[in-house]
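Asks: If you scroll down you'll find the structure; I have some questions about it.
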Amino acid sequence: MYDLVIVGAGVWGSSAALAAMRRGAGSVLLLEAEIGPAQRTSAKSGGIVTDLLWHPHDRELVRRSRTLYQEASLGADDPHLWQAAGMVTLGRADQAELFATTCERLLRRQVPVRMLDREGLGRAFPALDRLPADMIALHTPDDWHVNPTAYAQWAVSAARRLGLFVQMSAPIHRLELHPRSVAVHLADRTTVEGGRLLVCAGTWSRRLLKSAGLDIALRPYRTQLSSVHFAAPHDLPIVWQLETDLYLVPEGERELLAGDGTEEGESDPDAFRETGDAGFIASVAERIVGLTSRGDGAGVRTAWAGLCGATPDRRPLLGRLAPHLYCACGDQGIGVMRGPALGELAALVALEQAEAPELDPLRFVPSEFPIRPGFTLET
Ligand SMILES: Cc1cc2nc3c(=O)[nH]c(=O)nc-3n(C[C@H](O)[C@H](O)[C@H](O)COP(=O)(O)OP(=O)(O)OC[C@H]3O[C@@H](n4cnc5c(N)ncnc54)[C@H](O)[C@@H]3O)c2cc1C
């Protein structure tokens, strides 16, 4: 029997595995269905890390995650694991008060930020040459683009060096609660036992927990991203347009990722459309051209969809569900920027070395709550 079994090697589970090893958790096994760490939702993400989050605790989680991403970049000797691309958040004149309050709040925390009007925007970012006259912006130069898969791979390697046991290509079929442990039944009909079990299975967590007779208030929803190729260098920073929920993430001189927000309906993690919709692709292209003339002649190379996990209050579900059984999920579409810190916190809670009562996964009765965006400035 292992002291701790962790299910799921996305950003959260990989980080949890490293934190557990560092905190002397004893024998720890990480189980993952895919052939390597962070091959599913974490690999589909835009990789934005920003301080522009509505919840104060989330902003702290981003701060801690930045430290862990930096450590991984040094440890892996990978200078591209995180990059300070800077972000421009675009709003309309009627959002000036929200922008001013956000700006003040960030400055109080010593986060570099400036507010720009249309003229200032044009001077600082000439590539954004098709904006309406009443456009305003927040520029957060220290916002990042990260590579979550590289982070997870580094975290698992570092944890392995501390003695972590890892089983990849190991889909779990069912969980079973025992008086002193949790049994994990794998699809290949083998079983492992954990004195404690931490489920970090992203949007698959609810289904897995149901196999042990437990339910949580998690609703998976679909969100899309595309890879766009420009005919010439685009010179764009990360851009987030609040009005249309469009976000752009530069990936090299002529490439960027372009995505948008939240689909309101629930999706089945084992049966959803993983390719981008034709309507999404057309509307992304149209919105890019509405922001910059550099978009003329740009083409969408490919588009994909992934699932994020909504919760009633848009905060994670992290903590104890039953004796010996813990979970950490409910990313609300912003789980890469907080993932390293949330994984670490989940491990400490599972080891009873920390508490997070505000994230108690049992604080809601599972129900049909509305799915709302998590990446927003408004509470
Ligand atoms: C299109 C898109 C863009 C996004 N952009 C951003 C962004 O810019 N910034 C940001 O912060 N967030 C973003 N997100 C959200 C982010 O990707 C997620 O919040 C994050 O990846 C969640 O990480 P995780 O480790 O919880 O889940 P996952 O990465 O899904 O990891 C869960 C793991 O559990 C494994 N697993 C599941 N079931 C089983 C089982 N039965 N047996 C064994 N293993 C199992 C899976 O294979 C998977 O590897 C985006 C998401 C999408 C879809």
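Asks: Consider residue 97 carefully, then state whether it is free of Cβ contacts under 8 Å to residues at least 24 places away in the same chain, more than 16 Å from the ligand (Cβ to nearest atom) and within 28 Å of residue 330 (Cα to Cα). Before the answer, list the steps.
Replies: Details: free of Cβ contacts under 8 Å to residues at least 24 places away in the same chain: yes; more than 16 Å from the ligand (Cβ to nearest atom): yes; within 28 Å of residue 330 (Cα to Cα): no.
In short, no.
Asks: Residues in the stretch 220-277 that are in a loop (DSSP other than H, G, I, E, B), aliphatic (A, V, I, L, M) and without any contact (Cβ under 8 Å) to a residue 60 or more places away in the chain: how many?
Replies: We begin by selecting, within the stretch 220-277, every residue in a loop (DSSP other than H, G, I, E, B); these are 230-237, 242-245, 251-254, 260-265, 267-274, 276-277.
Okay, now just the ones that are also aliphatic (A, V, I, L, M), so 231-232, 236, 242, 271.
From what is left, the residues that are without any contact (Cβ under 8 Å) to a residue 60 or more places away in the chain are 271.
Residues in the stretch 220-277 being in a loop (DSSP other than H, G, I, E, B), aliphatic (A, V, I, L, M) and without any contact (Cβ under 8 Å) to a residue 60 or more places away in the chain: 1 in total.
Asks: Sticking with this one: Scan 123, 118, 130 and give me the residue that is among the basic types (Lys, Arg), over 29 Å from residue 10 (Cβ atoms) and in contact with a strand residue (DSSP E or B) (Cβ under 8 Å, 6 or more places away or on another chain). Step through it out loud before you land on a result.
Replies: Values: 123 fails: in contact with a strand residue (DSSP E or B) (Cβ under 8 Å, 6 or more places away or on another chain); 130 fails: in contact with a strand residue (DSSP E or B) (Cβ under 8 Å, 6 or more places away or on another chain).
When all the criteria are applied, what remains is 118.
Asks: On to the next question. Going through the stretch 215-263 one residue at a time, which ones are surrounded by fewer than 16 Cβ atoms within 10 Å (Cβ to Cβ) and on the phi > 0 side of the Ramachandran plot?
Replies: 235, 252, listed by residue number.
Asks: Related question: List the number of the failed condition for residue 292; all other conditions in (1) modelled with pLDDT of 95 or more; (2) assigned by TED's automatic domain parsing to the domain that holds residue 224; (3) surrounded by fewer than 16 Cβ atoms within 10 Å (Cβ to Cβ); (4) more than 22 Å from the chain's Cα centre (by Cα) hold.
Replies: Residue 292 satisfies all of (1) modelled with pLDDT of 95 or more; (2) assigned by TED's automatic domain parsing to the domain that holds residue 224; (3) surrounded by fewer than 16 Cβ atoms within 10 Å (Cβ to Cβ); (4) more than 22 Å from the chain's Cα centre (by Cα) except (3).
Asks: State all residues of the stretch 1-56 that are part of a helix (DSSP H, G or I) and either outside the structural domain of residue 194 (by TED's automatic domain parsing) or of a type in the set (Phe, Trp, Tyr) (or both); if no residue qualifies, say none.
Replies: Keep residues of the stretch 1-56 that are part of a helix (DSSP H, G or I), which gives 11-22, 41-44, 56.
Of everything in the stretch 1-56, just one residue is part of a helix (DSSP H, G or I) and either outside the structural domain of residue 194 (by TED's automatic domain parsing) or of a type in the set (Phe, Trp, Tyr) (or both), namely 12.
Asks: Taking the stretch 192-222 as the search range and keeping residues that are touching a helix residue (DSSP H, G or I) at 6+ places or on another chain (Cβ under 7 Å) and hydrophobic (A, V, I, L, M, F, W, C), which one is nearest to the ligand (Cβ to nearest atom)?
Replies: Step by step, filter the stretch 192-222, then rank; the result is 201.
Asks: Taking the options 311, 302, name whichever one is at pLDDT 95 or above, within 16 Å of the ligand (Cβ to nearest atom) and surrounded by fewer than 17 Cβ atoms within 10 Å (Cβ to Cβ). Reasoning before the result, please.
Replies: Details: 311 fails: surrounded by fewer than 17 Cβ atoms within 10 Å (Cβ to Cβ).
The conditions single out 302.
Asks: Another one. Residue by residue through the stretch 19-35, note down the ones that are in contact with a helix residue (DSSP H, G or I) (Cβ under 7 Å, 6 or more places away or on another chain) and within 13 Å of the ligand (Cβ to nearest atom).
Replies: 30, the sole residue that qualifies.
Asks: Which of the residues spanning the stretch 99-113 are among the basic types (Lys, Arg) and either assigned to a helix (DSSP H, G or I) or in contact with a strand residue (DSSP E or B) (Cβ under 7 Å, 6 or more places away or on another chain) (or both)? Spell out how you get there, then give the answer.
Replies: Step one: list which residues in the stretch 99-113 are among the basic types (Lys, Arg), which gives 105, 108-109.
Listed by number, the residues that qualify are 105, 108.
The values are calculated or read from the model by the stated rules, or taken from the named source; none is laboratory data. Note that this is a predicted model, so its numbers are computed, not measured. Note that we place each Cβ from the backbone using ideal geometry, even for glycine, and neighbour counts take in every protein chain shown.
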